[in-house]
Amino acid sequence: MTHPTPATPAQQPQARLSIEAPGPLATVQDFGRPGLAHLGVPRSGAADLPSLAQANRLVGNPEDAAAIEVTLGGWAARATGRMLIAVTGPAVSLTVDGVEVGSHSVVAVHDGGVIRIHTPSRGCRNYLAVRGGFDVPAELGSRSTDTLSGLGPAPLRAGDVLTVGTCEDDWPATSLAPVGSIADIVELVAAPGPRDDRLVDVGVLGTGRWRVAPASNRVGVRLDRAHSAPPLEHRSDLPEMRSEGVPLGGVQIPPSGQPVIFLADHPVTGGYPVVAVLNPESVWRAAQLTAGDEVRFVLR
């Protein structure tokens, strides 16, 4: 008489996450496509890389595993199968079946559980990692959605189903992570250059405060003056610039004099001068800015 062979964990169906509400914007992100700018391919990837890495560490994934970047909350999904998740970024209400479970911690979700990420009171981008990562097709070595070029999976919509991958790494060593705070006026540290000579006075950038405009997105943070201050003026005695490469964190000044800070989905080249470049920590701060937030540049 033969007996059926017991199912092993590898034979169990993979867990899945079914999107019920994507919110204003939800995308799959990892560390992006670095090193391909010379081919015209932007890096993309998570706008706030440290928050993505933190979420993955909490569930025991490699730091660059694919996770979901949720912009301004309003996101919900239903689990098929059991899974281990963590949500990082700004402090935010996270619920499973309507019960508050807390962000920045490891959460076990049961089969059929409904996960909701609400809107943070400050900041705009949260990261949901699941142990095993999300098993979506890679394009040019990354699973990231690039909203400017269209590379990678499309932004998530209601009805989309994401398969959870497997993870052979050790189980998480910690179940909690610190929650960062966001200042009332966000300080952004930047080094002048490479084209600061295209302005009459680049020091004006560091004078007074700037306010985040509603048109900001994953490509860049657009700024208006928060109060009366001297304008950023282009020099009129120089020939027109040719297009050239632009970096992550570059502060570009178009003819309007209203700065644009380049984020993860920025173009590879641009025709307006980049007059300063944010340091890495300030790039991640800029990625959490929302319309109406005020910032101050520190040039050094």
- Query: Taking segment 125-159 only, how many residues are over 15 Å from Ala67 (Cα atoms) and hydrophobic (A, V, I, L, M, F, W, C)?
  - Reply: 4
- Across segment 92-105, what is the total count of residues that are buried (at least 18 other Cβ atoms within 10 Å of the Cβ) and either part of a strand (DSSP E or B) or within 20 Å of the chain's Cα centre (by Cα) (or both)? 4
- Message: With the structure loaded, tell me whether Pro255 is surrounded by fewer than 22 Cβ atoms within 10 Å (Cβ to Cβ), closer than 16 Å to Ala47 by Cα and in contact (Cβ under 8 Å) with a residue 12 or more places away in the chain or whether it fails that test.
- Response: no
- For Leu49, are the conditions met, namely being at pLDDT 95 or above and over 19 Å from the mean Cα position of the chain (by Cα)? no
- Task: With the condition kept exactly as written, say whether any residue in segment 259-276 is on the phi > 0 side of the Ramachandran plot, modelled with pLDDT of 95 or more and surrounded by fewer than 17 Cβ atoms within 10 Å (Cβ to Cβ).
- Result: no
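Listed here are the residues, each with its yes/no results for (1) hydrophobic (A, V, I, L, M, F, W, C); (2) surrounded by fewer than 19 Cβ atoms within 10 Å (Cβ to Cβ); (3) over 16 Å from Ile115 (Cα atoms).
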position	(1), (2), (3)
Tyr127	no, no, no
Val130	yes, no, no
Glu139	no, yes, yes
Ser142	no, no, yes
Arg157	no, yes, no
Val161	yes, yes, no
Thr166	no, yes, yes
Asp170	no, yes, yes
Ser175	no, yes, yes
- The correct count of residues that are part of a loop (DSSP other than H, G, I, E, B) and either touching a His at 6+ places or on another chain (Cβ under 6 Å) or of a type in the set (D, E, K, R) (or both) in segment 235-245 is 4
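Yes or no, residue by residue, for (1) among the charged types (D, E, K, R); (2) touching a Gly at 6+ places or on another chain (Cβ under 7 Å):
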| site | (1), (2) |
| --- | --- |
| Ala79 | no, yes |
| Thr88 | no, no |
| Val92 | no, yes |
| Asp97 | yes, yes |
| Glu100 | yes, no |
| Val106 | no, no |
| Val114 | no, no |
| His118 | no, yes |
| Gly123 | no, yes |
- Task: List every residue pair whose Cβ atoms sit under 6 Å apart, with the two residues 6 or more apart in sequence or on different chains, where the first one lies in segment 186-197 and is at pLDDT below 95 and the second, anywhere, is of a type in the set (Lys, Arg) and part of a loop (DSSP other than H, G, I, E, B).
- Result: none
- Within the group Thr88, Thr95, Thr71, which residue is under 24 Å from Ile182 (Cα atoms), in contact with a His (Cβ under 6 Å, 6 or more places away or on another chain) and not hydrophobic (A, V, I, L, M, F, W, C)? Thr88
- Query: Just wondering, is there one or more residues in segment 205-212 that are closer than 30 Å to Val87 by Cα and either surrounded by fewer than 16 Cβ atoms within 10 Å (Cβ to Cβ) or in contact with a Gly (Cβ under 8 Å, 6 or more places away or on another chain) (or both)?
  - Reply: yes
- Query: How about segment 268-289: which of its residues are within 18 Å of the chain's Cα centre (by Cα), of a type outside the set (A, V, I, L, M, F, W, C) and assigned to a loop (DSSP other than H, G, I, E, B)?
  - Reply: Asn279, Gln288
- Item | Residue list for segment 129-145, restricted to those being assigned to a strand (DSSP E or B), under 24 Å from Gly220 (Cβ atoms) and not hydroxyl-bearing (Ser, Thr, Tyr) | Glu139
- Query: How many residues does segment 171-195 contain that are among the β-branched types (Val, Ile, Thr) and closer than 21 Å to Ala291 by Cα?
  - Reply: 4
- Message: Checking Arg82 against (1) under 20 Å from Arg125 (Cα atoms); (2) surrounded by fewer than 18 Cβ atoms within 10 Å (Cβ to Cβ): exactly one of these is not met. Which one?
- Response: (1)
- Query: Taking segment 223-234, which residues are in a loop (DSSP other than H, G, I, E, B) and farther than 18 Å from Glu294 by Cα?
  - Reply: Glu233
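The values are calculated or read from the model by the stated rules, or taken from the named source; none is laboratory data. Every value quoted in this text rests on a predicted model; they were computed, and no experiment measured them. Glycine gets a Cβ as well: all are built from the backbone with ideal geometry, and neighbour counts include every protein chain shown.
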